[in-house]
Structure formats: C-alpha cells, structure tokens
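Each value in this text was obtained by applying a stated rule to the coordinates, not by laboratory testing. Bear in mind the structure is a predicted one, so any value in this text is a computation, not a measurement. Reconstructed Cβ throughout: ideal geometry from the backbone, glycine too, with neighbour counts over all protein chains shown.
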Amino acid sequence: MTPLLQVRGITKYYGARLGCRDVAFDLYPGEVMGIVGESGSGKSTLLGCLAGQLEPDAGEVLFDTRADGPRDTLAMSEPERRMLSRTDWAFVHQHARDGLRMGVSAGGNVGERLMAVGARHYGDIRSQATDWLGRVEIPDDRIDDRPTAFSGGMQQRLQIARNLVTGPRLVFMDEPTGGLDVSVQARLLDLLRGLVREMGLSAIIVTHDLAVVRLLADRLMVMKDGHVVESGLTDQVLDDPQHGYTQLLVSSVLQV
Amino acid sequence: MSDYNFAYLDEQTKRMIRRAILKGLAVPGYQVPFASREMPMPYGWGTGGVQVSAATLTPEDRFKVIDQGADDTTNAVSIRKFFERTAGVEVTEETEAATIIQTRHRIPEAPLSEDQILVYQVPIPEPLRFLEPRETETRKMHSLEEYGLMHVKLYEDISQHGAIATAYAYPVKVEGRYVMDPSPIPKFDNPKLADCPAIQLFGAGREQRIYALPPYSDVVSLDFEDHPFEASKADHPCDLCGARDSYLDEVITDDRGGRMFVCSDTDYCRTRQAQGHLGAQLAAKQEGAA
C-alpha cells in the first residue's frame with residue numbers, strides 16, 4: 001500500500017533558532033498520527049511545514065495525489081498547493097476564529113469550500129451545509145446565524161464541518177480541543193473519532209494533551225527541542241515510555 | 001487660452017496614466033496600479049475618473065459628465081466646468097454627441113458607439129474588499145483565480161433575503177478570467193457592460209487603480225444556477241416621458257405620500273419629451289395649466 005503522506009528530513013530554522021530538525025515518517029490511509037510535546041518543541045512548526053503554510057529549509061513531503069500518485073507538495077506550484085488545501089486537505093485550527101469567517105453565516109462558512117471548488121447551485125450548497133451541520137450536532141435553525149453567536153464548542157464543531165464538507169483525505173489538526181471545557185472536549189473527541197472512522201480519514205493531530213492522543217491517535221511521535229525523541233504505537237509509547245522526556249511527560253499528567 | 005497645461009495634468013503624468021490604461025485594456029478587468037495625483041477636489045468626488053478623462057481628452061473631443069445619470073447635479077456641473085476651463089474642450093449634455101462621457105454610478109440609456117469612451121468614477125475597485133480586507137491576499141486570489149468567496153457573498157444574500165439583494169456594484173466576470181467591480185452602477189446597467197462598442201475605463205483615485213473593458217468584451221454577472229442574475233428597476237413608467245425601459249429615480253414630491261418616478265438619465269428623458277412622449281404626471285400637469 002502506498003503511504004498517503006511520506007515525510008522525509010523536514011528541517012526548519014527560524015534564523016539561528018531551530019524549529020524542527022530531520023523529521024521523517026509515513027502516514028497510511030485511515031491512520032491517525034499524534035504529535036505531542038511541550039510548548040516550543042516544534043510541533044506546530046512541523047505541522048505548518050507539512051500543510052504548506054511554512055516553507056521548510058530542507059526535506060520533502062510526498063502526498064499521494066488522486067491524479068498523479070505521490071508528489072512533493074513543497075515543489076508544487078502555489079495554485080496546485082492551494083487547490084490541494086481546499087480539496088484533499090483540511091486544517092483545523094486551535095482557535096476557531098482563525099479557521100472561520102466570523103462575518104459570514106454558518107451555512108456560508110460550510111458552503112465556502114464547495115463554492116471554491118465550483119459549486120454554483122444554491123439549493124445543493126444549502127442542503128449539503130444543512131447535512132453537515134447536522135453531522136456536527138449544530139441545530140438546523142442555526143444555519144443562518146453567524147459564528148459570533150455560537151459558543152466555543154459550537155464554533156469548533158462548525159470549523160470541523162467547514163473543513164470536512166469537500167471530503168478531504170488528510171486532516172491537519174492543531175490542538176483541536178484546546179481551550180474547551182472537559183465535557184465539551186469529550187463530545188468533540190467523540191465526534192472526531194466517529195468522523196475519522198466513518199470517512200476513513202487520515203489525520204495528523206498536534207496536541208499537548210495526552211488523553212486526546214490516547215483516544216484518537218493510532219501512532220504517536222514525541223517531540224522535544226525540535227527533535228523526535230520517541231515514536232511508536234500510541235498505547236505502547238504511553239504505557240511503556242522509553243525516553244526520559246516521554247517518561248516525564250507521561251508522569252506529569254494530573255490524576256483525578 | 002488658459003494658464004493650465006491642457007486638461008490640468010502635466011504631460012508626463014498623462015503619459016503615466018495612459019500606460020496604465022493601455023495595460024488595463026490589454027488585460028481586461030485587471031486592476032492596474034497607477035500613481036494617482038492630488039486633484040483640486042476631495043477624494044470620493046471622482047478624482048480617479050477625472051485623471052482618466054484628463055489623460056484621454058484631446059482638443060477635438062466633446063465632453064459630457066453625468067452624476068447618477070443627471071447632467072445638472074453639482075458633481076457633474078463642476079467636473080464639466082473644470083475641463084471647460086482647463087482643457088477648453090467643447091461640452092455637451094447629449095449622449096450621442098459626446099466623444100468622452102465621464103460617469104458616476106450610471107451607464108447612459110442611449111446606446112454607445114465605437115467612437116465613444118465611457119469613464120467611470122470608482123470608489124472601491126476591489127470586489128473582494130469587504131470579504132477579505134488584506135490587499136496582499138486579494139491580489140493573490142485574483143492571480144490564482146480563487147473567486148469562491150465572491151459567491152459566499154451572494155449566498156449570504158439569498159440566505160438572508162431570499163434573493164440576491166445586491167442591487168448595485170454587482171460583481172461581474174470579465175472574459176472568463178478576472179472578477180471585477182463595475183463601480184456602483186445599479187445592476188440594471190450590468191447587461192450594458194457586455195458587448196459594448198465603446199471603450200470603458202474605470203478610475204479609482206484614492207485607491208490608485210485603473211481598469212478597463214475593451215470594446216465588445218464578454219462580461220458576465222455572477223449568479224447561482226437556481227438564482228440567476230436579474231436586472232431590476234422600479235416597476236413603473238417614467239412620470240415625465242413615459243419610458244418603460246429606463247432606470248428610474250423615485251422622487252418624493254410632498255409630505256403626504258406624493259411621489260413620482262423619473263428617468264435617472266436626464267438627457268434620455270429630455271430627448272423623449274422633445275419627441276412628444278408624455279408621462280402620466282407631466283400630462284396631468286399640462287392639462288391643469290391649460
């Protein structure tokens with residue numbers, strides 16, 4: 001089986017400071033990869049490089065495109081990369097405000113990606129938006145409300161609906177549950193897990209919350225100071241951490 | 001002979017503006033940046049249109065200015081006088097007789113011809129501006145042809161009002177490529193943009209942009225398959241000349257609900273009245289006088 005994403009030697013410096021160095025992994029279709037580490041460990045830098053938002057100094061990111069098979073997304077032209085990012089890719093931001101248009105209604109937010117890939121039938125766009133709002137448990141009668149009128153959890157669910165409406169194959173998530181209270185987090189995780197299974201999505205989730213990766217991720221990468229210090233199956237890494245930093249991380253989780 | 005250089009601007013400035021115009025004509029709908037000059041009028045009063053007119057005027061031209069279709073409003077009169085004084089060109093109020101027509105917010109009702117130039121005053125040239133405030137981003141969207149956002153605006157209209165409620169500055173796509181703001185003309189005028197024999201030039205002075213439509217351009221108003229574009233106007237004949245095909249202004253005549261609809265294009269209305277066409281209210285008034 002061809003990996004959906006092959007990452008080779010991704011290195012990014014901010015001037016003299018290291019963002020991340022020599023990161024490599026394969027992601028197979030339907031697989032969810034978690035990236036954990038403390039603040040400043042290079043998680044978000046790595047995610048930005050993979051999603052084409054940052055330009056790495058070295059390395060390649062091969063994505064298995066529908067048309068031409070594996071291609072280096074970093075060598076693609078910008079129109080091609082932006083096309084990918086509105087069709088086959090999705091990016092869920094930590095803050096819903098970064099991923100939504102706050103001045104546009106919920107339906108418009110969900111419909112934007114459809115219209116961006118050429119949908120020009122209002123009725124179809126509207127019914128797809130309604131369908132997706134239902135899937136993320138936002139009531140139908142909120143479709144014409146703006147996200148500013150939504151709670152934090154609803155905004156985050158709306159962001160997910162907006163991203164998944166074009167049926168992407170790869171989802172990048174940056175702290176998707178950050179800033180939400182635990183019961184809302186639990187429902188969001190439940191929803192994400194359901195969608196990932198149902199749609200057979202591959203996902204890369206960056207988080208510092210070990211419970212989130214335990215629940216969602218099949219495999220785990222632990223980062224520290226821009227390096228990957230440990231990787232493996234999620235349960236294996238969390239239950240039997242080998243690297244000193246991972247041991248520290250696992251033992252630092254507060255027990256209720 | 002006036003003490004001004006012909007048409008106020010110096011020759012080098014006019015050359016710079018002409019280069020921008022030619023580039024605009026070569027890439028229809030593309031917003032060409034230009035070094036807009038201070039003009040002796042405030043921004044928002046047509047500084048862009050005036051500069052484009054100044055750069056296209058020749059001593060042989062006959063110049064006409066309309067403001068919302070009318071020849072006799074402050075804006076139109078002062079711009080017309082400005083060029084009468086600084087360029088010494090002939091002026092006219094007749095659409096057919098003019099070679100250059102500067103317009104604010106209307107396209108004349110009378111059909112234009114190949115030897116005419118229509119100059120629009122544009123307040124905000126960027127159709128995506130209210131959806132995406134960053135200029136760097138909108139330029140990228142134009143260059144990569146990412147126009148999904150424009151439809152998001154129309155979608156919002158339908159979801160809130162049941163129909164596309166945008167009534168003026170209705171976005172168009174030019175030659176299947178650039179999405180363009182036609183300046184705040186009513187959408188009634190949008191069909192006249194397409195396949196027009198005259199050259200159409202758009203000048204935005206404050207925003208420092210010039211764009212253009214060469215003659216007989218393909219201009220399509222954006223819409224949805226199930227909510228097609230519709231040119232709309234007040235459903236009423238003109239009360240002065242009886243015209244049913246022209247764009248109308250509603251005029252409140254007293255404080256007891258009296259009102260009349262009149263052609264916004266004054267030259268068109270006057271011409272029709274001279275030909276003997278009579279609208280309902282004018283007929284009633286003449287009867288009362290007789």
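To the nearest 10 degrees, how steeply does helix A:182-199 sit against the main Cα axis of chain A, on a 0 to 90 scale?
It is inclined by approximately 80 degrees.
Across every pair of different alpha-carbon atoms, what Kirkwood hydrodynamic radius in Å does the protein assembly as shown reach?
One over the average 1/r among Cα pairs gives 27.2 Å for the protein assembly as shown.
Helix A:106-116 against the longest principal axis of chain A: what's the angle in degrees, Cα atoms only, rounded to the nearest 10?
Helix A:106-116 and the main axis of chain A meet at about 80 degrees.
Taking neighbour counts of Cβ atoms within 10 Å as a proxy for exposure, in what order, fewest first, do A:Val36, B:Val91 appear?
In increasing order of surrounding Cβ atoms, one gets B:Val91, A:Val36.
Report the calculated FRET efficiency for B:Ser232 and B:Arg259 (r = Cβ-Cβ distance, R0 = 25 Å), to the nearest 0.05.
0.85
What's the extension gain from A:Met1 to A:His227 if we count 0.36 nm per residue and subtract their Cα-Cα distance?
78.6 nm
Considering only DSSP beta bridges where both residues belong to the range A:5-253, give the percentage that are antiparallel (nearest 5).
55 percent
Taking N as the number of residues in chain A, what is its Cα Rg relative to 2.2 N^0.38 Å?
1.01
In the neighborhood of B:Ala198, defined by Cβ-to-Cβ distances under 9 Å, what is the net charge if each Lys or Arg adds +1 and each Asp or Glu adds -1?
Taking every other residue near B:Ala198 into account, the sum is -2.
Starting from the Cα of B:Lys81, move 7 Å in the Cα-to-Cβ direction to define the label point; list residues of the range B:17-47 whose amide nitrogen is under 20 Å from there.
Those under the cut-off are B:39-47.
Let me have the 222 nm mean residue ellipticity of chain B computed from DSSP H runs of 4+ only, each contributing -39500 (n - 2.57), with the sum over all residues rounded to the nearest 500.
-9000 deg cm²/dmol
When the helix-only estimate is applied to chain A (DSSP H runs of n ≥ 4, each -39,500 (n - 2.57), divided by the residue count), what is the mean residue ellipticity at 222 nm, nearest 500 deg cm²/dmol?
Roughly -11500 deg cm²/dmol at 222 nm, from the helical runs in chain A.
Net charge near A:Pro241, counting Lys/Arg +1 and Asp/Glu -1 over other residues with Cβ under 15 Å of its Cβ?
Neighbour charge sum, excluding A:Pro241 itself: -2.
With a point put 7 Å past each Cα toward its Cβ, work out how far B:Ala167 is from A:Ala67 in nm, to one decimal.
Distance between the two pseudo-spin positions: 4.4 nm.
Compute the separation of the alpha-carbon centres of the range A:219-248 and the range B:126-141 and state it in Å as a whole number.
Rounded to whole Å, the Cα centres lie 43 Å apart.
Running a GNM on chain B with Cα contacts under 10 Å, which residue among B:Thr58, B:Thr271, B:Thr92 ends up with the highest mean-square fluctuation?
For chain B, modelled as a Gaussian network with Cα springs under 10 Å, the answer is B:Thr271.
When DSSP assigns beta bridges and you keep just the ones with both residues in the range B:11-221, what percent turn out antiparallel, to the nearest 5?
50 percent
If you project the alpha carbons of the range B:133-255 onto their three principal axes, what span does each projection cover, largest first, in Å?
50, 37, 30
Running a GNM on chain A with Cα contacts under 10 Å, which residue among A:His208, A:His243, A:His95 ends up with the highest mean-square fluctuation?
A:His243
Within the set of other residues whose C-beta is less than 10 Å from the C-beta of B:Tyr211, count the net charge using Lys and Arg as +1 and Asp and Glu as -1.
Once positives and negatives cancel, what remains is +1.
Relative to a virtual label point 7 Å from the Cα of B:Glu225 in the Cα→beta-carbon direction, which members of the range A:86-130 show backbone nitrogen distances below 15 Å?
A:114-128, by backbone N distance to the label point.
How big is the gap, in Å, between the Cα center of the range B:44-95 and the Cα center of the range B:251-279?
About 24 Å separates the Cα centre of the range B:44-95 from the one of the range B:251-279.
Across the Cα atoms of the range B:1-159, what radius of gyration and what greatest pairwise Cα-Cα distance (Dmax) are found, in Å?
When restricted to Cα atoms, the range B:1-159 yields Rg and Dmax of 17.4, 59 Å.
Once you place label points 7 Å from the Cα toward the Cβ at A:Ala186 and A:Thr130, how far apart are they in nm?
3.3 nm
Give me the one-decimal nm value for the distance between modelled label points at B:Glu135 and A:Asp22, 7 Å along each residue's Cα-to-Cβ direction.
4.5 nm
Expressed as an acute angle from 0 to 90° and rounded to the nearest 10, what is the orientation of the C-alpha long axis of helix A:78-87 relative to the principal long axis of chain A?
That works out to roughly 70 degrees.
Report Rg (one decimal) and Dmax (nearest whole number) for the range B:184-236, counting Cα atoms only, units Å.
Rg, Dmax (Cα atoms, Å): 13.5, 39.
Treating chain B as a set of equal point scatterers at the Cα positions, no solvent, please give the Debye-formula log₁₀ I(q)/I(0) at q = 0.08, 0.11, 0.12 Å⁻¹.
Listed by q, the Debye log ratios stand at -0.36, -0.68, -0.80.
For q values of 0.21 Å⁻¹, compute log₁₀ I(q)/I(0) with the Debye formula on a Cα-only model of the range B:223-290, without solvent.
-0.87
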